[in-house]
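First the structure, in the form of structure tokens, and then the observations on it.
The values are calculated or read from the model by the stated rules, or taken from the named source; none is laboratory data. It should be emphasised that the depicted structure is a prediction, and the values quoted were computed from it without experimental measurement. Ideal geometry is used to build each Cβ from the backbone, glycine not excepted, and the neighbour counts take in all protein chains shown. The area values use the complete protein model at the heavy-atom level, side chains included, leaving out ligands, DNA and RNA. Shrake-Rupley method; radii C 1.70, N 1.55, O 1.52, S 1.80 Å.
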Amino acid sequence: MTFRRAAPGAPATFCLVALGCPKARVEAETTLARLVRAGMRLVDDPAGADVAVVHTCGFVGEATRESLGVLDELAGLRSAGRLRRLVAVGCLPQRYGDAISRAVPGIDAWVGVNDLGRIVDAVRGRVRSLLRADPDPRELAAQPSLPSGRPHTRYLRVAEGCSRRCAFCAIPAIRGKARSRPLDAVVAEAEALADQGAVELVLVAQDLGRYGVDAPGERPGRPLLRLLERLARVDGVRWLRLLYLYPDAVSRRFLDGIAGIPKVAPYLDIPMQHSADRVLRLMRRGTSRRDLDALVDRVRTVLPDATLRSTFIVGHPGETESDFRDLVRFVRRSTIDRIGLFRYSDEEGTASFDMRDKVPPAVSYRRFRTLRAISRRLMRERQKALRGRVVEVLVDGPADETPLLATGRTAAQAPEIDGITYLLNGLPPAGSFVAARITRTSDSDLVADMGRL
């Protein structure tokens, strides 16, 4: 990476805040690399920085409120003279444009998802608004990147956008149609991340299973398998983790393929969103309860020890009490290991926004609390079955509670999603792999003893 000296009078230090999904983390790490390459220095405290750069999320109402809250807090520092500039980046400005500056006065510039290559111009004050509607063709090439967190675990973006039309989702309107990155560009970026110390690569896309399907003649799963085979040959990488596989992409052939690639972590994140056929049709998911039952059976047949994670939405317009009871029965009877839950968020511009039969917020929240309690109990029971088992753990570093205790994650724990493993009897270095025996469990976290093998 080439570094340049900052121009006289230009901002010299910056603070970087990354909110939202792993894709936002990827974009934040690209921003970090571009600003460092431009001669700026990263600092942790926004009150001690010239510029604060916030990678926002505007996917659902809760994420939008979080992003606006962070921006408002930093705008307070800006008005107090403790920041010279405040720059909002990513999904929120792409979705709402310069309206965010009216919601949060004090934002100096806003950069959408299609203009990330010009972030330095925005930070330097050369431009105020970068909100291109069409994707930048250069986005698919290998991008510069520096770790914003643990260098041994990095996110690898393999595609942009989404061509599905789920009724509740604003992502296609924000990020456009699906665009797969060239295989060679993804591999080159993976090699660069491995050179920086990455031993775990988390592959992210809005619709990972359809990677490469935008090319003529390709079918879901095959291009992704070819990519995984290439990535498995990258020196230094031990785990390849897959996030966000749609149910219809997880065929028997695909499962057989990843079963034959040892570096692919036995972990499948497959958002199902609901189980009642009525609601699945309203959501435009293109799948059915029968499909989901068959999917779970396929996973358990081909990869019996794999961790299966899924997410569900309660309170979608038109969801009845009968539909909700169907979802409860499905969750109870399935063998899903990790369960994520969301309350429906009414997002302007989506098909669901214009639907009638909205579920009252009080009813939606009651259903959410009910299913959350059931899910936590089920996850605790499944975790108990792990007690006594010896597992491989990727060490993340000292625990937040005390530097005398190490933490890490098993292959069943995706970073920042599924909890952590506390390690007893040793302080191995971050980025190393150790064997430990699980002694205690909760609904998400584990305790494992390296001295009891």
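Our note on the geometry: Cα centres of the stretch 50-81 and the stretch 401-432, 30 Å apart. Simple rule: put +1 on each Lys or Arg Cβ and -1 on each Asp or Glu Cβ in the stretch 88-170, find the dipole, and look at Gly161, Ser148, Pro105; the Cα lying farthest toward the positive end is Ser148.
Indicate the gyration tensor shape class of the stretch 319-453 (rounded, prolate or oblate), computed on the Cα atoms with a ≥ b ≥ c the square roots of the eigenvalues: a/c under 1.5 is rounded; otherwise a/b larger than b/c is prolate and the rest oblate.
Prolate shape, in that a/c is at least 1.5 and a/b is the bigger ratio.
Working from the Cα coordinates of the stretch 102-152, the gyration tensor eigenvalues give, after taking √(5λ), semi-axes of 23, 17, 10 Å in decreasing order. Take every Cα pair under 8 Å whose residues are at least 6 apart in sequence, average their separation, divide by the length of the stretch 193-303, and the relative contact order is 26 percent.
Per the Cα gyration tensor, the stretch 278-360 maps to an equivalent ellipsoid with semi-axes of 27, 13, 12 Å, ordered largest to smallest.
Of the residues Met355, Met40, ranked by 1.4 Å probe accessible area with the largest first, the sequence reads Met355, Met40. Along the axis of the charge dipole computed for the stretch 1-158 (Cβ charges of +1 for Lys and Arg, -1 for Asp and Glu, origin at the Cα centre), the listed residues Val26, Val120, Leu92 are led at the positive end by Val120.
Per residue, the chain reaches -10000 deg cm²/dmol at 222 nm when only DSSP H runs of four or more residues are counted, each adding -39500 (n - 2.57). Summary of the geometry: the stretch 196-216 and the stretch 121-173, compared by the centres of their Cα atoms, lie 14 Å apart. Using a probe radius of 1.4 angstrom, the carbon and sulfur fraction of the accessible surface of the chain is 49%. Computed from point charges on the beta carbon alone (+1 for Lys and Arg, -1 for Asp and Glu), the dipole magnitude for the stretch 301-448 about its Cα centre is near 840 Debye. Beta bridges from DSSP with both residues in the chain: antiparallel share about 30 percent, rounded to the nearest 5. Looking at the chain, which Cys residues are left with no other cysteine's beta carbon under 4.7 Å from theirs? Isolated Cys, the chain: Cys15, Cys21, Cys57, Cys91, Cys162.
Note that the chain presents 44 Å² accessible area per residue, ligands and nucleic acids not counted, probe 1.4 Å. Note on the chain: with charges restricted to the Cβ of Lys and Arg (+1) and Asp and Glu (-1), its dipole about the Cα centre is near 660 debye.
Leu427 sits with roughly 100 Å² accessible to a 1.4 Å probe, with DNA, RNA and ligands left out of the calculation. Exposed loop sites here are GluC sites (Glu not before Pro) assigned a DSSP state other than H, G, I, E or B and surrounded by at most 14 other beta carbons within 10 Å; excluding them, the longest clear run of the chain is 1-347.
By DSSP, what percent of the beta bridges with both residues in the stretch 31-175 are antiparallel, rounded to the nearest 5? About 0 percent, rounded to the nearest 5. What's the whole-number percent of alpha carbon pairs in the chain lying beyond 37 angstrom? Across the chain, Cα pairs with separations above 37 Å total 27 percent. For the stretch 1-112, the Cβ-based charge dipole about the Cα centre amounts to some 420 debye (Lys, Arg positive; Asp, Glu negative; other atoms uncharged). Taking every C-alpha pair closer than 8 Å and separated by at least 6 residues, the mean separation divided by the residue count of the stretch 295-453 gives a relative contact order of 19 percent.
So for the chain, averaging the separation of alpha carbon pairs under 8 Å that are six or more residues apart and normalising by length, what relative contact order in percent results? Provide the component values of the computation, followed by the final result.
Working: 932 pairs, mean separation 42.1, N = 453.
Once normalised by length, the contact order is 9 percent.
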